[in-house]
1. Could you tell me whether Thr52 is at pLDDT 95 or above and within 12 Å of ligand 2 (Cβ to nearest atom)?
2. Output yes when any residue across the range 40-48 is of a type in the set (A, V, I, L, M), within 12 Å of ligand 1 (Cβ to nearest atom) and either on the phi > 0 side of the Ramachandran plot or in contact with a strand residue (DSSP E or B) (Cβ under 7 Å, 6 or more places away or on another chain) (or both), and no when none is.
3. Go through (1) surrounded by fewer than 16 Cβ atoms within 10 Å (Cβ to Cβ); (2) in contact (Cβ under 8 Å) with a residue 24 or more places away in the chain for Gly146 and report which single condition fails.
4. For Asp215, all conditions in the list (1) modelled with pLDDT of 85 or more; (2) more than 12 Å from Phe298 (Cα to Cα) hold save one; what is the number of the exception?
5. Let me spell it out: the conditions are (1) more than 24 Å from Thr81 (Cα to Cα); (2) outside the structural domain of Pro80 (by TED's automatic domain parsing), and Ile176 meets all of them except one. Which number is the exception?
6. State the number of residues belonging to the range 1-26 that are near ligand 1 (Cβ under 10 Å from one of its atoms), hydrophobic (A, V, I, L, M, F, W, C) and not in a helix (DSSP H, G or I).
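The values are calculated or read from the model by the stated rules, or taken from the named source; none is laboratory data. Bear in mind that the values here come from a model prediction, so they are computed numbers and not experimental data. Cβ: placed from backbone, ideal geometry, glycine included. Neighbour counts: every protein chain shown.
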Amino acid sequence: MKFEKLGLSDKVLKSVKEAGFDEATPIQAEGIPPALERKDVLGLAQTGSGKTAAFTLPMLSLLEKGRARARMPRTLILEPTRELAAQVEEAFETLGKYHRLTIALLIGGVSFDEQNAKIDRGADVLIATPGRLLDHIERGKLMLHGIDIFVVDEADRMLDMGFIPDIERICKLLPITRQTLFFSATMPPEIKRITNQFLHNPVTVEVSKTSSTADTIEQKKVKTSSVPREKRADMRRLIDKMDGIKNAIIFANRKRTVGIIERSMKKHKYSAAALHGDMDQHSRMQTLKAFRDNEVTFLIASDVAARGLDIPDVSHIINFDVPVHAEDYVHRIGRTGRAGREGHAFMLVTDEETKAVKAIENLIGKEIEWFGDSLEKVEAEQPKQTGKPRNRKPKREAASEDRKPKRKQRGGRKREPSVYDDVGSVPDSSGFHEGNMPDFLSRPLTRVSSNKEA
Ligand SMILES: Nc1ncnc2c1ncn2[C@@H]1O[C@H](COP(=O)(O)OP(=O)(O)O)[C@@H](O)[C@H]1O
Ligand SMILES: [Mg+2]
């Protein structure tokens, strides 16, 4: 759908064109016209589907009329994290470059003074995290009764972070005549409840299943060891085998693991940096910038730190851990394959995580293919001999059921078998056959890392 057909102002259309957006994404095509008619909109669309512009563009058009008054902002956007708030500010700067609007960003970790100055001058757009906004209100510096448009973005993330009571408090301070635009990637019951409370006769725009993943993402799961250092070695081997890795986000479930992976990756001479909730604002922004500018190849992150980050061209996602909440999987891999681009998502899976994987597969409605072979088969089979010709095409007939299970790995410490047990050879009967063998497995490795651990 062309942007010209949506009823946006000329100024907005001009900046949209310059931003390089040719066609409106479905959430934009369906959500912008009712927003311009000042209706409440409930927008549900997966991560990376362009929700930011779905509210930014109609807001810009609507803000062309009228002007801001001191301490009474005209519009309010709530974001769950500082990074997301900063990204929305950037979107306003890019898309609103022909609108002389005052934008105030109210996020934690930044001094109140500068924020106060902007509020005092009169802000057209207030972009805030709930906690910091309430701080400003409590200091008596900010009044919300002039708000015409209220946006709740990334609502499911707000729920995860425990912000719903804050949002309810904020909502009570807003005039009931306001317009509300509400966006979420998923719709858990608690979010459903607050939409009934915040929105009046909303136009609901739901793009694809809320739990679906983009078709452009290649998804694979990889059998790994549950011994941490072996798991990290497995991940490095996986990375070394990956083709066309430009940059990747590595997700871990725990903050602590994020730190361990970062140190380990650096020790093994990978370009890596970590992003987690405990970092101060400045270092988070710096890390993110280094990653965007391709100075860092591997960004290691926890879910809290990473949801919704706008990093347009991540080629790979690596789930070092299977996420505990299935919905986090959707969010994690939504960082690749954005806006129709190709993406790759790999997930390391230990035996203990089989159940969590099933939950993810139920949620996304499909089975994720094994990279290599199924868990069962890998377990049944034992390490193959190395040194076979790399390009040898595995014979279909030699399917694993014909093979006698080999002897258990001998001697020493007991170790979980892994698909990497045969690094350097093409598995000849473990499931790769014409049509499903990843290309890069038939190419020589560019580097092989040592098994020694950090
Ligand atoms: N119409 C469009 N054409 C091309 N790229 C777009 C369009 N709309 C948004 N994008 C880009 O897609 C990416 C994801 O958008 P974003 O709004 O952050 O997604 P969401 O909030 O739905 O997760 C951003 O890099 C954004 O600039
Ligand atoms: Mg978003």
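1. On the way: at pLDDT 95 or above: yes; within 12 Å of ligand 2 (Cβ to nearest atom): yes.
Yes, satisfied.
2. The initial filter retains those residues of the range 40-48 that are of a type in the set (A, V, I, L, M), namely 41-42, 44-45.
Right, trim to within 12 Å of ligand 1 (Cβ to nearest atom) and you get 44-45.
If we keep only those that are either on the phi > 0 side of the Ramachandran plot or in contact with a strand residue (DSSP E or B) (Cβ under 7 Å, 6 or more places away or on another chain) (or both) too, we end up with 44.
Yes, the range 40-48 has at least one match.
3. The single condition Gly146 does not satisfy is (1).
4. (1)
5. Tallying (1) more than 24 Å from Thr81 (Cα to Cα); (2) outside the structural domain of Pro80 (by TED's automatic domain parsing), Ile176 fails exactly one: (2).
6. 4
Here's the yes/no breakdown for (1) in contact with a helix residue (DSSP H, G or I) (Cβ under 8 Å, 6 or more places away or on another chain); (2) in a strand (DSSP E or B); (3) modelled with pLDDT of 85 or more:
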residue	(1), (2), (3)
Ala290	no, no, yes
Asn294	no, no, yes
Ala305	yes, no, no
Ile317	yes, yes, yes
Pro323	yes, no, yes
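Yes or no, residue by residue, for (1) farther than 20 Å from Leu174 by Cα; (2) under 24 Å from the mean Cα position of the chain (by Cα):
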residue	(1), (2)
Ser9	yes, no
Glu23	yes, yes
Gln28	yes, yes
Val41	no, yes
Ala54	yes, yes
Leu84	yes, yes
Phe92	yes, yes
Ala104	no, no
Phe112	yes, no
